[in-house]
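What follows is one structure encoded as structure tokens, with my remarks underneath.
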């Protein structure tokens, strides 16, 4: 049982670290999750560092890793380049949720996690705010130079006692391998298996069950 659990956690760790690699390149959450699901076998994770297998070098520092996914066949996994050299692309839909009107603090926190505080502050200022977390009402930028609107999401790990629908990382609506791994660590394999079963799934499953 211990070896089986270790294998499951190792697989979740590899997926999670691979997704974070793509997030570091500016990919949206959906792009990063899709890339990790399809291409994590091209990386190795030893518990300390994520390496690009082709060169056995640290993926974050290896130009070959990014160059591979910059090829036309994989370009959809990376952020869409902006037409304005003075602007950096960012997730427009997520930023709108974070900053338009009264905004949403959870979305603002997710923006900070994805891009870092300095970049998130620059984005917030485009909405007329001073910082990502201030209470000043924001308005959308007047220029449209931003990518990833179609693939945007700021799904969070399940919280509270109810793991149903999008709050269940094993369900089709809330499928999230990274969140599954965190849940296993937080509440244990038995409890996580029960939550998976409530969605008609099981721990270690690689794809969500499609609704009938």
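Observations, loosely collected:
- Gyration tensor over alpha-carbon atoms, the stretch 1-142, equivalent ellipsoid semi-axes in Å: 32, 19, 12
- Whole-number D in µm²/s for the stretch 7-68 (Stokes-Einstein; Kirkwood sum over Cα pairs; 4 °C, 1.567 mPa s): 114 µm²/s
Computed from the coordinates by the stated procedures, all read-outs in this text should not be read as laboratory data. Note that this is a predicted model, so its numbers are computed, not measured.
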